[in-house]
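Engineer: First the structure, then my questions, so here it is.
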There are 2 protein chains.
Amino acid sequence: MHSAVSIASQKHDHHHCIDSALAAAHSICNTNGARLTPLREQVLTIVWQSHKPLGAYAVMEILAQQSTRRVAPPTVYRALDFLLEQGLIHRINLLNAFVGCTHPQQQHANNFLICEDCGVAIEFSTDQLTGAIDHAVAEFQFSLSAQSVELMGHCQECQQAGGE
Amino acid sequence: MHSAVSIASQKHDHHHCIDSALAAAHSICNTNGARLTPLREQVLTIVWQSHKPLGAYAVMEILAQQSTRRVAPPTVYRALDFLLEQGLIHRINLLNAFVGCTHPQQQHANNFLICEDCGVAIEFSTDQLTGAIDHAVAEFQFSLSAQSVELMGHCQECQQAGGE
DNA sequence: AAAACTTATGTTATATGATAACATACTATT
DNA sequence: AATAGTATGTTATCATATAACATAAGTTTT
């Protein structure tokens with residue numbers, strides 16, 4: 001059996017998350033010959049401010065607060081598109097929102113558990129789920145190019161909090 | 001092993017799909033004490049005009065063509081919301097679009113294969129995938145309330161067509 | 001059948017999310 | 001410094017979805 005854990009919904013030193021995400025981002029962009037410009041890094045940091053997916057316009061507002069200049073949608077969307085291309089963030093289709101990728105170095109499966117209470121998105125991957133999808137795809141002789149598994153519900157923390 | 005088939009991406013008598021979808025809709029609404037009004041039935045029929053997910057505004061245009069009167073977004077969204085509640089259609093989050101549910105009587109898992117070429121959405125369910133999701137959810141002690149599995153790629157038909 | 005109530009639909013305005021098209025600025029190489 | 005390529009700024013617009021209130025249609029009670 002495969003074992004999985006996630007700190008996303010638990011208390012943790014989030015500065016560590018941000019730092020390692022930025023370090024990974026620099027490494028990956030360097031490898032790919034892609035330019036992690038100040039703006040892109042700033043947007044990545046904003047997306048990484050928590051484990052809760054953030055809408056593009058929310059990112060834009062934070063960006064506008066941080067920099068004195070006005071910020072328009074294309075500025076944000078272009079940075080987000082870049083980060084998506086580099087595999088540094090994910091898009092949660094259910095929420096029209098973006099969240100930092102917690103393991104950008106590895107091939108990742110884009111599977112999320114999303115808590116309806118606290119808003120946290122937990123990225124996960126199990127061999128069983130990957131296998132089940134591969135199997136289903138093969139059964140239908142489908143050629144897979146992208147996948148999105150988004151499971152809504154209540155995380156352990158919020159269940160406990162709500163039950164008190 | 002579980003065996004699965006779908007006619008959605010293949011040639012078939014689509015009138016049969018529409019007819020059985022409408023019959024099932026009447027039956028389900030009757031059971032639930034819900035009113036399948038002419039407008040709601042009309043919207044359901046429009047969504048069922050093919051196996052390709054249709055955007056709300058596309059539904060609205062078709063509705064406007066069919067009826068002489070003007071049709072505004074809330075009219076369409078309310079009908080779509082009703083049909084979603086009754087489990088008669090699904091929302092494809094990746095596409096912001098809606099598609100008829102192919103087996104509304106059974107409990108259904110909201111798993112889709114979506115062809116990027118022809119646009120068809122194939123609803124499917126395998127025990128293995130259901131099990132894998134249940135397993136992952138249990139592992140994280142997550143309480144599941146809704147799930148969305150959307151797999152993009154190319155259906156068998158389009159692969160053959162493109163390879164010629 | 002009229003009154004009261006509930007549900008469904010019409011109508012207007014607006015919120016929210018995303019992109020097209022073109023202008024300017026930056027970066028790296030020559 | 002000139003050039004080419006990439007990144008960002010700017011304006012306008014498209015696409016998706018909902019809030020708020022008005023009217024109409026069904027349902028229940030009297």
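Engineer: Filter the range B:81-106 for residues that are among the aliphatic types (A, V, I, L, M) and near DNA strand D (Cβ under 8 Å from one of its atoms); which is surrounded by the fewest Cβ atoms within 10 Å (Cβ to Cβ)?
Structural biologist: Among those residues, the one meeting the criterion is B:L95.
Engineer: If you go through the range B:63-80, how many residues are under 20 Å from the mean Cα position of the chain (by Cα) and away from DNA strand D (no atom under 13 Å from the Cβ)?
Structural biologist: Of the residues in that region, 1 qualify.
Engineer: For the range A:51-164, please list each of the helices (runs of 4 or more DSSP H) lying entirely inside it that holds at least 3 residues being polar (S, T, N, Q).
Structural biologist: Helices (runs of 4 or more DSSP H) meeting the threshold: A:156-163.
Engineer: Oh, and also: Search the range A:119-131 for residues that are without any contact (Cβ under 8 Å) to a residue 12 or more places away in the chain and of a type outside the set (K, R) and pair each with any residue that is assigned to a strand (DSSP E or B) and crowded, with 23+ Cβ neighbours inside 10 Å when their beta-carbon atoms are under 9 Å apart and the residues are at least 6 apart or on different chains.
Structural biologist: Cβ pairs passing all conditions: none.
Engineer: Closer than 20 Å to B:P104 by Cβ, in contact with a strand residue (DSSP E or B) (Cβ under 6 Å, 6 or more places away or on another chain), of a type in the set (A, V, I, L, M, F, W, C) and within 16 Å of DNA strand C (Cβ to nearest atom): is that true of B:L44 in this structure?
Structural biologist: Taking the combined requirement at face value, the residue does not satisfy it.
Engineer: Okay, moving on. Restricting attention to the range B:107-118, which residues are over 12 Å from the mean Cα position of the chain (by Cα) and surrounded by fewer than 23 Cβ atoms within 10 Å (Cβ to Cβ)?
Structural biologist: Answer for the range B:107-118, where residues must be over 12 Å from the mean Cα position of the chain (by Cα) and surrounded by fewer than 23 Cβ atoms within 10 Å (Cβ to Cβ): B:Q107, B:E116, B:D117, B:C118.
Engineer: Name every residue in the range B:1-50 that is part of a helix (DSSP H, G or I), of a type in the set (A, V, I, L, M, F, W, C) and under 19 Å from B:L63 (Cβ atoms), in order of residue number.
Structural biologist: The answer is B:I18, B:A21, B:L22, B:A25, B:L39, B:V43, B:L44, B:I46, B:V47.
Engineer: Related question: So which of B:I122, B:I62, B:I114, B:I133 is more than 12 Å from DNA strand C (Cβ to nearest atom) and within 19 Å of B:A24 (Cβ to Cβ)?
Structural biologist: B:I122
Engineer: Would it be correct to say that A:G162 is touching a residue at least 24 places away in the same chain (Cβ under 8 Å), more than 7 Å from chain B (Cβ to nearest Cβ) and more than 19 Å from the chain's Cα centre (by Cα)?
Structural biologist: In short, yes.
Engineer: How many of the residues making up the range B:119-153 are more than 7 Å from chain A (Cβ to nearest Cβ) and within 19 Å of the chain's Cα centre (by Cα)?
Structural biologist: Looking only at that region, the number is 6.
Engineer: Sort out which residues of the range B:38-80 are more than 29 Å from B:Q10 (Cα to Cα) and of a type outside the set (A, V, I, L, M, F, W, C), and write them in order of number.
Structural biologist: Scanning the range B:38-80 gives B:P38, B:S67, B:T68, B:R69, B:R70, B:P73, B:P74, B:T75, B:Y77, B:R78.
We did not get these values from a lab; they are worked out from the coordinates using the rules stated. All of these numbers come straight from a predicted model, not from anything done at the bench. We place every Cβ from the backbone using ideal geometry, glycine too, and count neighbours over all the protein chains shown.
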